[in-house]
Amino acid sequence: MIEFVLDARSGVSPYLQVVHQVRRALRLGLLVEGDQLPTVKDVVASLAINPNTVLKAYRELERDGLVAARPGVGTFVTKTLADSSLAAHEPLRRDLGRWLGKARAAGLDDESIEALFMSTFRAMNEEIA
Amino acid sequence: MSAIVRTEGVGKKYRRRWALQDCTLDIPEGRVCGLVGPNGAGKSTLLGLTVGLLSPTVGSIEVCGGQPAVSSAQLAKVGFVAQDTPTYAGLTVADHLRMGAHLNPRWDDAAARRRIDRLGLDLRRRAGQLSGGQRAQLALTLGLAKHPDLLVLDEPVASLDPLARREFLQVLMEAVAEEGVSVLLSSHLVSDLERVCDHLIVLVDSQVKVSGDVDELLDTHHRLSGPLREEQGLPSDQSVVWSSHTDRQSTYVVRTDSPILDPAWSVTPLGLEDLVLAYLTATPTPSSASASAGRGLEVLR
Amino acid sequence: MIWMSWRQARTQIVAVLALVGAACIWLAATGPALARLAHRNTYVYDLLSRNDRLLFNGGIAVLALAPAVLGIFWGGPLVARELETGTYRLAWNQSVTRRRWLAVKLGFAVAATVVAVGILTLAITWWAHPIDGALGSRHGGLPSRLSPIPFAMRGIVPIAYAVFALVLATLVGLVLRRSLPAMAVTLALYAFVQIAVPLWVRPHLVPSTSTTTVISAGTIDGLSMDDAGTITLSTRVAPGNWVLTDQTVDAHGRPAALPTWFNSCLPPPPGPGQARSQAGAVTSRGTLDRCLTRLDRAGYRQHVVYQPASHFWPLQWVETSLYLAGSALLCFLSFWWIRHRLA
């Protein structure tokens, strides 16, 4: 059973943090198919957040097809993301590594690299949207 | 979804001062509703009206489908944890539970004792000897064990240390998850409200400034910053909540249902605390769009 | 709510019952001996020991104070304490309406007070009965039970006083919202009522008897002269009666002062060194008789208005009803106040 943490200062809404943490757990293989997610009551009792937040997160995960709610029993994982682990995308990883090397050579520091990536990422998302 | 609290033009006057004015609210059930505002804004007055400790000077209020405090059945539907969590200093914890059992028809004694047990409170200890956090937990237990439809809390964690505060909210949220009780709590700590509330009411100077679903509020409020521009220059569907100008730059917090299309503005995300602060510090400006001029202050619903 | 009222008042009730119990034990121990003493002697007052007299006065003091103390100390904080400590915000959120809450709390206090003061009054009345109004052979005596002060401590009126004090204190506490000021104000109001009633109200509760008597040596009890030289006569009254008015009236029935020539009827006060002889006493006595006869012929009479001893119980009942009616009114006001003014 995984445990959630909440970063109150991160600016990311609580329900999204829950969604991300479930996805990360799935990717890292901490959660596999058939595992039960913590009950709403338990999450709420440890994090002191609104139950609707947790319900919303679980509903979104369910919409994405990652989990399924069984009434009266709990919410269970239906699909693992471990397949889409880093190993499956090795070519992408290598490309990224090469690009990072080029950025360093151009004299960019960590923050500039991150800023460059984020602005391009956002701009691309906006184009799509 | 039916409303758990419905008020219509409610006002409360003490001698010469209006503690609450023109309050019209519709709080849906099944929510945790936060009431935020500076001290003296009228939070305790509004909460006192919902539990029937006060009666309105004007207007009407309906709680759980009935008039507050009018009958035993009505009182059973609403639980209340007052400010400073009052308890009988001379009575023991066990006495308090017994009082609850005798005086409340829906009292769940087993659940109450289980909770007290989990909290580690000694049944034979007098309430006056408990710490602030323990007293607050006792008051919360008393409020929850009577199985109300609505639990009202007046700044329950204001005087508690961080650990006690967290424990209090944990117990409260667990009860909401388990029993589906609606909650109305007031606080001037927005960070706590951010965690637990999904509905928000902002009260400033005895008037309701804004009230609504937290997600909806966050979606419809935006912070815009850009070159200096007068308020009149903004589109009519954007109502200004707060503004600040330097000689070159203007920053606005606006409320709008439509997207911000003007490329001159850079839109930055607005957290709940910033949103509340915008309403708390809003300077009275004549509204460009709204026809409710003559009042100076924007009253948004 | 009954359990809650009991739990909140537990210490008070236990303390009061303990004190009442102790008082009863003491009274029971000394009572029978006193009764035997009174039964055998007419002038039992002379035989009373200092202890007995102390107990008698002590009993009066206790019964004078008990209703007030009980009522004020219990009623004052009854509601006011909850208002000033803020616990009313817990109490009035339990599933009991405010009026029911007050009704049970107040009712419980009234019941307990009635029992405690009732027992106390009964015990002291029983104990003092043989010696009430007891006379000494030469001088002195204990006041009869009809006279104002003991009347308030016999029979059933103390119970009504206690209930009145309790309800008054509760109402004042409700209005002022603070225990200590409520107790002080109630004390003042209660004291005023306790002085006003025997003075202005009690004499008229039951119709009094009035008689006109001839002034003679047999009917006059004594003379007194004040600093101004005015002489007043006092009629001999049967023991146990409560005299309301005792004045000289002239032939037309109007209250009048004694004629000036009467002053010479009195024997001169003994001068320094002058011994009073038997003869001198007889002479002065004879002069007095002649003066009294002269008064009689001149039409002077003594007009006395009094409550006979037999009116003791009627007066008790009427005064009790009066106080209980007042209590009921105050109760009603309390319920109105808590519902309409405390919101």
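For chain B, adding -39500 (n - 2.57) for each run of n ≥ 4 DSSP H residues and dividing by the number of residues yields -9000 deg cm²/dmol at 222 nm. C:Leu329 to B:Thr251: FRET efficiency via 1/(1 + (r/R0)^6), r the Cβ-Cβ distance, R0 56 Å, to the nearest 0.05? The value I calculate is 0.25.
Using θ = phi - 60° in the Karplus curve 6.51 cos²θ - 1.76 cosθ + 1.60, the 3J(HN,Hα) couplings for segment A:113-126 round to 4, 4, 4, 4, 4, 4, 5, 5, 4, 5, 4, 5, 4, 5 Hz; x is entered for Gly and Pro.
Once backbone amide H atoms are built at 1.01 Å from N, B:Leu184 has B:Cys33, B:Leu151, B:Val152, B:Leu153 as its partners under 5 Å, excluding neighbours fewer than 5 places away on the same chain. Near C:Thr235, the amide H atoms lying under 5 Å from its own belong to C:Asp221; only residues 5 or more places off or on other chains count, and H is placed 1.01 Å from N. For the pair segment B:215-268 and segment C:75-124, the centres of their Cα atoms are 60 angstrom apart. Using the Cβ-Cβ distance between C:Ile2 and C:Asn57 with R0 = 45 Å, the FRET efficiency computed as 1/(1 + (r/R0)^6) comes to roughly 0.70.
Here C:Met225, C:Met1 are placed in order of increasing Cβ neighbour count within 10 Å, fewest first, which gives C:Met225, C:Met1. Around the Cα centre of segment B:3-205, unit charges on the Cβ atoms of Lys, Arg, Asp and Glu (plus for the first two, minus for the last two) sum to a dipole of about 660 debye. For a straight C-alpha distance cut-off of 16 angstrom, the lysines reachable from A:Lys56 (same-chain residues fewer than eight places away being disregarded) are A:Lys41. Look at B:His147, C:His252 and count the other Cβ atoms within 10 Å of each Cβ; fewest to most, that gives C:His252, B:His147.
The Cβ shell under 14 Å around C:Gly173 holds other residues with a net charge of +3, Lys and Arg each +1, Asp and Glu each -1. The chymotrypsin sites (Phe, Trp or Tyr not before Pro) of segment C:69-101 include none that DSSP puts in a loop with a beta carbon having at most 15 other beta carbons within 10 Å. A simple spin-label model places pseudo-atoms 7 Å from Cα toward Cβ; at B:Asp109 and C:Thr211 they are separated by 6.9 nm.
Computed from the C-beta positions of B:Ser55 and B:Leu189 and an R0 of 41 Å, the FRET efficiency is 0.90 to the nearest 0.05. Label-to-label distance for C:Ala191 and C:Thr287 is 4.8 nm, based on points extended 7 Å past Cα in the beta-carbon direction.
Each Cα pair under 8 Å and six or more residues apart adds its separation to the average, and for segment B:3-205 the resulting relative contact order is 30 percent. Computed from label points 7 Å out along Cα-Cβ, the spacing between A:Arg70 and B:Ser266 is 5.1 nm.
Between C:Trp261 and C:Arg294, residue separation times 0.36 nm minus the direct Cα-Cα distance comes to 10.8 nm.
Counting only lysines at least 8 places from B:Lys12 when in the same chain, those with an alpha carbon closer than 20 Å to its own are B:Lys43, B:Lys209.
Between B:Gln238, C:Thr293, A:Ala45, the Cα set farthest toward the positive side of the dipole of the protein assembly as shown (charges on each charged residue's Cβ, about the Cα centre) is that of C:Thr293. Coupling constants for segment B:228-243 follow from the phi torsions by the Karplus curve (6.51 cos²θ - 1.76 cosθ + 1.60, θ = phi - 60°), and in residue order they are 3, 8, 5, 4, 4, x, 7, x, 5, 8, 9, 9, 7, 9, 8, 9 Hz; glycine and proline get x.
Ranking of A:Asp110, A:Asp42 by neighbouring Cβ atoms within 10 Å, starting from the fewest: A:Asp110, A:Asp42.
Where a number appears in this text, it was derived from the coordinates with a stated rule and is not lab data. Remember, it's a predicted structure, so these values are computed and weren't measured experimentally. Note: ideal-geometry Cβ built from the backbone for every residue, glycine included; neighbour counts use all protein chains shown.
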